[in-house]
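Participant: Submitted below is the structure of interest, expressed as structure tokens.
The values are calculated or read from the model by the stated rules, or taken from the named source; none is laboratory data. Quantities reported herein were computed from a predicted structural model and do not represent experimental measurements. Here the Cβ is made from the backbone with ideal geometry for all residues, glycine too, and neighbour counts use every protein chain on show.
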Amino acid sequence: MSKMILVALSTSLLLGCADRPVEKVPPQEFIEDVNTYPLSLETEVDILFVIDNSNSMGQEQANLARNFPKFIDALRTSKLGSDGSGKPCTTQDSSGCRIPDVHIGVVSTDLGAGSYGLPSCEVSGGDGGKLLAKPQVAGCTPPSQPYISYVQGVTNIQGGASDPVQQVKEAFQCIAEIGTGGCGFEHTLEAARRALDGCGADANNDKLGDCKLNPGFIRRDAMLAIVFITDEDDCSAQKPQLFDPQQTDLTDPLGPLTSYRCFEFGIQCDINDRSKPGPRKGCRPAYDWLYKVDDYVSFFKGLKRDEGRVIVSAIAGPADRVEVGLDAQNPVLRPSCQTIDGNAVPALRIKGVVDGLKGQSFPICTNDFGPALKGIADKIVSNINLCLERPPLSSRGGLVCSAGARIGTDLGGAPVTCDQSCLERADCVVKEAVPQAGGQEQLTVLPRCPTAKFQDPTDKDCGGACPCWRLVPRSSCDQNGLSGYALEILRRGEAAKGSHAVVSCQASALPWGSAEFSALPQCL
């Protein structure tokens with residue numbers, strides 16, 4: 001979990017370089033940013049796609065399947081070494097690098113709508129959170145298990161391409177278009193919970209539970225990534241009476257039997273009157289008819305003992321615009337985005353879970369999911385590469401950087417680069433936590449590496465300073481608002497399995513690459 005403390009920097013503190021007049025730098029804010037990073041190399045990732053299968057999702061499912069290869073290609077990282085293809089495997093070009101060992105599963109959002117037998121919700125319990133791996137394309141090859149497995153170049157896909165990574169791409173395309181006959185009351189969060197129920201590690205991280213529905217999918221030492229793809233908000237009802245078809249009139253307590261019930265009884269805004277159309281402000285999850293968003297955040301976090309090892313993302317309706325309209329006399333939630341292929345309503349409850357787990361959201365209203373899928377893969381790889389989430393500063397509030405690195409642009413759009421290397425001035429404290437018996441941890445403060453080690457990222461010999469920490473530029477960290485730099489621990493041998501770093505840095509509250517960030521004085 002990231003701890004943030006906002007502090008204003010006055011211009012009297014910002015005594016920048018001579019060519020950067022101090023008097024022109026406005027007061028800025030910095031934060032104390034505290035994060036946890038795994039230190040033993042992350043080679044395993046379990047990925048769960050939660051896909052809306054209601055009747056409006058045909059185009060979106062096809063979009064996902066079509067662009068999935070971009071997701072897999074973005075998982076390649078030089079940290080895992082060459083894949084043996086002879087293609088380049090560097091921090092700049094990862095086309096010939098390995099991907100992590102992955103398990104990839106698909107579940108639908110269909111958990112039915114009680115026992116009322118509503119159209120498209122006739123099956124009580126729907127798909128129940130079980131992994132779906134039936135072929136959806138004629139002649140394609142699905143995995144031999146309920147999920148796709150790729151481990152050390154070996155897959156569970158019997159047939160298709162000879163290249164195992166290509167087999168993974170084709171197998172997902174085979175099973176991902178799960179259809180549009182699912183219940184229109186999407187239980188997105190609850191479907192994910194049921195799919196992963198019992199799969200968490202015990203208090204000592206020694207063993208898994210019984211993975212009630214999907215045994216074998218989750219591995220103890222793997223990172224977990226959950227991806228929600230839906231054009232509706234979550235409607236995970238703890239009271240199935242919400243779907244009572246006997247109440248259908250505007251005057252009934254539950255109102256018309258439409259998906260608006262999920263909004264009306266799952267979200268609380270400044271106006272909570274179905275008869276009054278118009279914008280809504282201050283909207284937040286309500287806890288009575290639907291399960292608590294906070295409980296889902298706690299559940300997903302609890303699947304892994306160490307923080308930062310559960311990554312949650314969503315491709316859904318943006319939550320920044322909420323408006324109620326009327327369809328004849330019935331209230332409807334207006335779309336927050338739309339394209340010629342369809343529209344989506346604000347996914348407020350899903351955003352609450354994503355934000356609670358420091359994840360990322362992408363708009364579903366696009367005919368190209370490629371950038372979103374790449375962004376999700378980049379987030380996974382950033383955990384492998386230990387990317388700092390926010391740009392680090394010196395103790396005096398100066399921007400620390402690597403000579404020649406592009407920092408961003410000025411207010412006129414001209415590029416700004418780093419004048420001199422000064423990453424060693426980053427105001428950070430790094431502690432190494434090593435698991436001990438009984439669920440305890442041994443916490444050790446690691447020293448900063450010598451300045452020369454910061455200035456030459458290729459020099460990985462820590463000499464007499466082992467272990468020590470440094471920051472290094474990394475292209476995979478220069479994406480999706482990350483800092484552009486990775487934490488690197490120089491040591492002899494490998495870190496203990498399950499060990500992690502607790503890193504506290506003074507960091508900029510301004511986004512990396514912005515004109516305001518680029519205007520900060522360098523190397524104070």
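Participant: Suppose the filter is surrounded by fewer than 19 Cβ atoms within 10 Å (Cβ to Cβ) and either of a type in the set (Phe, Trp, Tyr) or modelled with pLDDT under 95 (or both); does residue 222 pass it? Spell out the reasoning first.
Facilitator: Working: surrounded by fewer than 19 Cβ atoms within 10 Å (Cβ to Cβ): no; either of a type in the set (Phe, Trp, Tyr) or modelled with pLDDT under 95 (or both): yes.
Considered against the rule, which asks whether it is surrounded by fewer than 19 Cβ atoms within 10 Å (Cβ to Cβ) and either of a type in the set (Phe, Trp, Tyr) or modelled with pLDDT under 95 (or both), residue 222 comes out as no.
Participant: Ok, one more. Out of 64, 13, report the one residue that is modelled with pLDDT under 95 and outside any strand (DSSP E or B). Show your work before the answer.
Facilitator: Details: 64 fails: modelled with pLDDT under 95.
Going through 64, 13 in turn, just one is modelled with pLDDT under 95 and outside any strand (DSSP E or B): 13.
Table: residues versus (1) touching a residue at least 24 places away in the same chain (Cβ under 8 Å); (2) surrounded by fewer than 23 Cβ atoms within 10 Å (Cβ to Cβ); (3) in a strand (DSSP E or B).
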residue	(1), (2), (3)
368	yes, yes, no
371	no, yes, no
374	yes, yes, no
383	yes, yes, no
389	yes, yes, no
393	yes, no, yes
402	yes, yes, no
408	yes, yes, yes
416	yes, yes, yes
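Listed here are the residues, each with its yes/no results for (1) more than 31 Å from the chain's Cα centre (by Cα); (2) surrounded by 15 or more Cβ atoms within 10 Å (Cβ to Cβ); (3) modelled with pLDDT of 85 or more; (4) farther than 28 Å from residue 517 by Cβ.
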| site | (1), (2), (3), (4) |
| --- | --- |
| 422 | no, yes, yes, no |
| 431 | no, yes, yes, no |
| 444 | no, no, yes, yes |
| 448 | no, yes, yes, no |
| 461 | yes, no, yes, yes |
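Participant: While we're looking at this one, here's another question. Consider segment 115-167. How many of its residues are of a type in the set (A, V, I, L, M) and in contact with a helix residue (DSSP H, G or I) (Cβ under 6 Å, 6 or more places away or on another chain)?
Facilitator: Restricting attention to segment 115-167, the residues satisfying the condition of being of a type in the set (A, V, I, L, M) are 118, 123, 131-133, 137-138, 148, 151, 154, 157, 161, 165.
Cutting the leftovers down to in contact with a helix residue (DSSP H, G or I) (Cβ under 6 Å, 6 or more places away or on another chain) gives us 133, 137, 148, 157, 161.
Residues that pass the stated criteria total 5.
Participant: Sticking with this structure for a sec: Modelled with pLDDT of 95 or more and over 22 Å from the mean Cα position of the chain (by Cα): does that describe residue 192? Can you show your working first?
Facilitator: Values: modelled with pLDDT of 95 or more: yes; over 22 Å from the mean Cα position of the chain (by Cα): no.
For residue 192, the condition - modelled with pLDDT of 95 or more and over 22 Å from the mean Cα position of the chain (by Cα) - is not met.
Participant: Those residues that are farther than 18 Å from residue 470 by Cβ and buried (at least 17 other Cβ atoms within 10 Å of the Cβ), I need them from segment 496-508; list them, please.
Facilitator: Correct list: 498, 508.
Participant: Picking from 64, 111, which residue would you name as being more than 13 Å from residue 148 (Cβ to Cβ), surrounded by 16 or more Cβ atoms within 10 Å (Cβ to Cβ), of a type in the set (A, V, I, L, M, F, W, C) and touching a His at 6+ places or on another chain (Cβ under 6 Å)? Show your work before the answer.
Facilitator: Numbers: 64 fails: touching a His at 6+ places or on another chain (Cβ under 6 Å).
Result: 111 is the single residue among 64, 111 that is more than 13 Å from residue 148 (Cβ to Cβ), surrounded by 16 or more Cβ atoms within 10 Å (Cβ to Cβ), of a type in the set (A, V, I, L, M, F, W, C) and touching a His at 6+ places or on another chain (Cβ under 6 Å).
Participant: Go through segment 329-352 and count every residue that is closer than 22 Å to residue 109 by Cα, in contact (Cβ under 8 Å) with a residue 40 or more places away in the chain and either out of contact with any Asp or Glu (no Cβ under 8 Å at 6 or more places or on another chain) or of a type in the set (Gly, Ala, Ser) (or both). I'd like the intermediate steps shown before the answer.
Facilitator: Step one: filter segment 329-352 for residues closer than 22 Å to residue 109 by Cα, giving 332-338, 341-352.
Checking which are in contact (Cβ under 8 Å) with a residue 40 or more places away in the chain leaves us with 332-333, 341-350, 352.
With either out of contact with any Asp or Glu (no Cβ under 8 Å at 6 or more places or on another chain) or of a type in the set (Gly, Ala, Ser) (or both) added as a condition, the list becomes 332, 342, 344, 347, 352.
The total comes to 5.
Participant: Quick check on my filter: what residues within segment 336-356 are surrounded by 19 or more Cβ atoms within 10 Å (Cβ to Cβ) and part of a loop (DSSP other than H, G, I, E, B)?
Facilitator: 336, 345, 346, 347
Let's see how each residue does on (1) closer than 25 Å to residue 361 by Cβ; (2) of a type in the set (A, V, I, L, M); (3) part of a loop (DSSP other than H, G, I, E, B):
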{"position": "247", "(1), (2), (3)": "no, no, yes"}
{"position": "251", "(1), (2), (3)": "no, no, yes"}
{"position": "256", "(1), (2), (3)": "no, no, yes"}
{"position": "287", "(1), (2), (3)": "yes, no, yes"}
{"position": "300", "(1), (2), (3)": "yes, no, no"}
{"position": "307", "(1), (2), (3)": "yes, no, yes"}
{"position": "314", "(1), (2), (3)": "yes, yes, no"}
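Participant: Something else about it: Any residue at all in segment 430-452 that's hydroxyl-bearing (Ser, Thr, Tyr) and within 29 Å of residue 375 (Cβ to Cβ)?
Facilitator: Within segment 430-452, the subset hydroxyl-bearing (Ser, Thr, Tyr) is 444, 451.
Within this subset, residues satisfying the condition of being within 29 Å of residue 375 (Cβ to Cβ) are none.
Scanning segment 430-452, I find no residue that is hydroxyl-bearing (Ser, Thr, Tyr) and within 29 Å of residue 375 (Cβ to Cβ), so the answer is no.
Participant: For residue 213, state whether it is assigned to a loop (DSSP other than H, G, I, E, B), hydrophobic (A, V, I, L, M, F, W, C) and over 26 Å from the mean Cα position of the chain (by Cα).
Facilitator: Working: assigned to a loop (DSSP other than H, G, I, E, B): yes; hydrophobic (A, V, I, L, M, F, W, C): yes; over 26 Å from the mean Cα position of the chain (by Cα): no.
Judged against the criteria, residue 213 is not a match.
Participant: Let me ask you something else. Checking residue 86 against (1) without any contact (Cβ under 8 Å) to a residue 12 or more places away in the chain; (2) outside any loop (DSSP other than H, G, I, E, B), which single condition isn't satisfied?
Facilitator: In the conditions (1) without any contact (Cβ under 8 Å) to a residue 12 or more places away in the chain; (2) outside any loop (DSSP other than H, G, I, E, B), residue 86 misses (2) alone.
Participant: If only one of 126, 105 is of a type outside the set (Val, Ile, Thr), crowded, with 21+ Cβ neighbours inside 10 Å and not in a loop (DSSP other than H, G, I, E, B), which one is it? Break it down stepwise before answering.
Facilitator: On the way: 126 fails: not in a loop (DSSP other than H, G, I, E, B).
Going through 126, 105 in turn, the sole match is 105.
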